[in-house]
Every structure is written in structure tokens, then in C-alpha cells.
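Worksheet: one structure, shown below.
The values are calculated or read from the model by the stated rules, or taken from the named source; none is laboratory data. From a predicted model like this one, the values you see are computed outputs, not experimental measurements. When we count neighbours, we look across all protein chains shown, and the Cβ atoms used for this are built from the backbone with ideal geometry, even at glycine. These accessible areas exclude ligands, DNA and RNA; they are computed on the full protein's heavy atoms, side chains included. Shrake-Rupley method; radii C 1.70, N 1.55, O 1.52, S 1.80 Å.
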Amino acid sequence: EITSLLSLYGGQFSSEQEIHVNSPFWILSIPSEEMARGLMKRTVCAKSVFELWGHGRSAGELYASLKNYPMDKMLPYLQTDSTYKVHIHTFNKTLTQAQKIKKIDALEFLPFKGKVNLKNPEHIFWILEDYGMDPNNVPEDPFHLYFGRWIADGQRELIESYSVKKRHFIGNTSMDACLSFIMANHGRVKPNDVVYDPFVGTGGLLISSAHFGAYVCGTDIDYNTIHGLGKASRKNQKWRGPDENIRANLRQYGLEKYYLDALVSDSSRPIWRKGMLFDAIITDPPYGIREATRRTGSQKETVKSAERSTENHIFVSSSYHLSDIFFDLLKFAAEYLVMGGRLVYWLPIYRPEYTEEIIPRHPCLKLISNCEQMLSSHTSRRLITMEKVKEFKDQDQNSHLLDGQYMPYRGHNSFREKYFSGVTKRIAKEEKDNQK
């Protein structure tokens, strides 16, 4: 998430970051404080950002580093007419108040001229100490120490304010608010973008993009979900109410002006005219477990089900293999994304058999990131972010990129098809076992 936002706002990871990759504290090189504030207005993963004045592996190294920090950069925040306070945050260790005061008093060599104000200071300074990631093996002394001026906090409060528990219209698989915002940030969604979700469901992923000022739309094969009809997913409620729909969700958060539309459509049969381009495609495809994987069929095909909505809308659906879902999704993104636009989606995997080559590829799309969310000891899903780097041409219609060569993607003998068949069955079995 931070890497995506840095590419949007400017900045990069410091070369020093390589020496402590697993630390909860990261050192970034950001050109301006304004850019740092812009980044923190988006992130739900980072808690705070500070202007780093000094750091070291021991208290002595920290103090030496602070003494070498340019005085002209310190003085604007240490004036006699200013107020300040100093916080101490220790990761993986709790200090007594006496220990905290002792550490603050040790900074008396810094030329603080203002007055201490604990309630409403103009400037807040932090001592940050890293005691590692293992709660069962906490060292006596910290691995790293940092001192800096607080600039801004992240958007962690969005997780609570956009909680699915408080949402007007939900479904069985509505996306968690935190993950929705992370996906929007991976997609580098910005004001006036057009963002599309081909498996829109109840529109949870549209909300986070609209929050960042993008115009949103989506499609789904489920007529009842798009129109807010049928059985409710909420506990102690049998049927959905007349105003339960995607538009109502966006209205709930004051985002209705960003809502373009939601259409009933089969993602395997794109409905968009040539030349229609989206800035980002952000979606959570159905895995065939809690949500069925379906596409429109005909009477000649092997019919899996015939469904009827409350408005007598009838269509015939056939099975939609998981590997075909991802093939169609990547092909659609390659054709309908703007150059530099991003595709962000979840990919279910069976961990013991997972390898990098399982990830679907396309010659027009570059893999940007691959992040894992653990579901159980054997299953997880990966948040895949891809960026369009090449214009779509007719020869890209039925190809993907594997080990630098173009190869056919579809086919019942495909190793991906076999793999994803196994993934679906294993995850379904684990869910049934958990329910028991």
C-alpha cells in the first residue's frame, strides 16, 4: 500500500530501510511535508509519519545522530514563543512512567526554548523504540531508536466509520472496510478517475474508491443483488427492504454524486463499446464457495440452474470455471484499462501447492505486487495488483505471458484449471469443517 501511494504522491523507501525490512518503523525519502500529508490522508496501514531528526541502534548513536542534524532545520520548531511536548512509543515493550521521564530528560541537550504544553501543543516530538517482533523474546535494549517531529496520522478511523456492521446494504461476502481501502490504494485511485468492478455484488469496493473522489460503476450477473431484491444477509432480517441497494450505500456516506450505475451483466461477455476505458478495475471475483461462479448460458449448454427473481426475470446459467474467470478478467483489463491503469483482485490459493507460476499473466499487464492474506494453515488468498504497460491488440486476445513466452491460456488440460478446481474444493471443505 505504501509503495503504491509513494508512486502516486512522490517519494521512495530510503536505502537504509534494507537493513531492517521487518521493522514496524520504515524510513522514507519524501520530497516535502505536503507530500507526506497527502500520503497519510490515504493510508489505512500506516499509523503516523514523522520528520526524522535522528536514529541509531543505541541511545548513544541516537544522541550523536541528533547532534549532527542541521540546526537550521530544528530552530523553527524550538522557538521561545512555541509550545511542545514529547511522546514515547515502544513497540513490543511497556515502559514505566519513570523510565519514560528518564528518556525524555536525556534529550536536554536539544535547544528547546518553548514551553511544555501537554494538552494542546504546537509541535509534538516522538521517541520511537523498536524491541522486535517476537513477544516471547523481548530484548533488554531496543534494536533501533528514532526521534522525530510528528507530521500527520493515517486514516485508521476509516475502518470503523465505514464498517460493514453499520452499512445499510450488505451481502454474504461484502468486503471488509480496511481491505477495501487497501485495494483502492493499490489501484492508485484518485479524484475524477472512473473505477469499475465487474463482480460488484453489494458495492463494497465502490465505496472506498468513491471516498477518494473517483466515479464508480459495476456489473454483476445476480439480478436480485443489483436491484436489492430477495433474501437479506443481515441477521434477524428475512427480506431486503425497498431502499437496500448500492446507491443507498453511497448515499449513506455522502458519496452518491460519484455513483455512475450498476448493471446486470455477465463478466464473461463484456458489454462495453470499444474505446471505453477505466482508470482502475478493482474487484473480488467469486470463488464458488459462498458465492456461486456463474455465467449466462443457453438451453444447448449443460444447464446448472435456472433462476427466477422477484420480478420474473429468468435466465439460464452454466458453470464458470475459476481459471476462466481470471482469464476473462485479465483480458478485459488489458483491453479496457487506460495505459498505466491498474487491476486489483483477490486470488484464492492452496498454500502447500502454491507457486508463483499459478498467478495468471497477460502480455499487456505487469505484475506490481502479490500480498498474502492468511485464511487458514492451508489456504489463503493473494491480493494481486497489475498495471497496464502495453496497448491491447488482436493477437493478445487469447494469450497470456508465462516465462517470457506467449502460451494459450484456456483449455481443460491447463495446469491452472486443475489447480483452481482443487483450491475451490479444499476451501469449501475447510469452511464446512469449521461450520461443524
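Taking amide H positions as placed in the peptide plane 1.01 Å from N, state which residues far from I88 in sequence (5 or more) or on other chains have amide H under 5 Å from it.
Long-range HN contacts for I88: I127.
Ignoring ligands and nucleic acids, what accessible area does H55 show with a 1.4 Å probe (Å², nearest 10)?
It works out to around 50 Å².
Pick out, in residue order, every one of the GluC sites (Glu not before Pro) in segment 112-218 that is DSSP loop and has at most 16 other C-beta atoms within 10 Å; say none if there are none.
Within segment 112-218, the qualifying GluC sites (Glu not before Pro) (loop, at most 16 other Cβ atoms within 10 Å) are E122, E140.
Relative contact order of segment 1-154: what whole-number percent is it, with Cα pairs under 8 angstrom and at least 6 residues apart?
In percent, rounded to a whole number, it is 31.
What figure in square angstrom, to the nearest 10, would you give for the accessible area of S15 with a 1.4 Å probe?
Its heavy atoms expose roughly 90 Å² to the probe.
Please sort by residue number the chymotrypsin sites (Phe, Trp or Tyr not before Pro) in segment 1-89 whose DSSP state is loop and whose Cβ has at most 10 other Cβ atoms within 10 Å.
none
Report the accessible area of F91, computed with a 1.4 Å probe over the heavy atoms of all protein chains in place, in Å² rounded to the nearest 10.
Here the residue's solvent-accessible area equals roughly 70 Å².
Just want to confirm a number: the relative contact order over segment 24-113, from Cα pairs under 8 angstrom separated by 6+ residues, in percent.
RCO, segment 24-113: 21 percent.
Near the amide H of H123, under 5 Å away, which other amide H atoms are found, from residues 5 or more places off or on another chain, if H is placed in the peptide plane?
T83, Y84, K85
Write down the percent of antiparallel bridges among all DSSP beta bridges whose residues are both part of segment 105-217, to the nearest 5.
If I count the DSSP bridges inside segment 105-217, around 65 percent turn out antiparallel.
What percent of all Cα-Cα pairs in segment 35-148 falls in each 10 Å bin, counting up from 0?
12, 40, 37, 11, 0
Find the accessible area per residue for segment 71-126; the probe is 1.4 Å, ligands and nucleic acids are left out, and the unit is Å².
68 Å²
For a quick protection proxy, order the peptides 145-151, 103-109, 330-336, 206-212 by their average other-Cβ count within 10 Å, most packed first.
206-212, 330-336, 145-151, 103-109
Can you give the net charge of the other residues whose Cβ lies under 15 Å from the Cβ of F169, counting K and R as +1 and D and E as -1?
+3
For segment 28-60 and segment 124-193, write down the distance between their C-alpha centroids in whole Å.
Segment 28-60 and segment 124-193 have Cα centres separated by 14 Å.
Please list E244, E372 from largest to smallest accessible area, probe radius 1.4 Å, with all protein chains kept in place.
Heavy-atom accessible area, descending, gives E372, E244.
Mind jotting down a quarter of the surface of the convex hull over the alpha carbons of segment 139-198, in square nanometres, one decimal?
8.3 nm²
Express the Stokes-Einstein translational diffusion coefficient of segment 109-208 in µm² s⁻¹, to the nearest whole number, given a Kirkwood radius over alpha-carbon pairs, 4 °C and a viscosity of 1.567 mPa s.
71 µm²/s
Residue by residue through segment 256-262, which ³J(HN,Hα) values in whole Hz follow from phi under the Karplus form 6.51 cos²θ - 1.76 cosθ + 1.60 (θ = phi - 60°), with glycine and proline marked x?
Ordered by residue, 3J(HN,Hα) equals 4, 5, 8, 8, 8, 4, 10 Hz.
Give me the lysines in straight-line cross-link reach of K393: C-alpha distance below 17 Å, same-chain residues under 8 apart excluded.
K274, K331, K366
Give a quick list of trypsin sites (Lys or Arg not before Pro) in segment 220-294 that DSSP marks as loop, anything other than H, G, I, E or B, with at most 16 other Cβ atoms within 10 Å.
R234, K235, K238, R273, K274, R290
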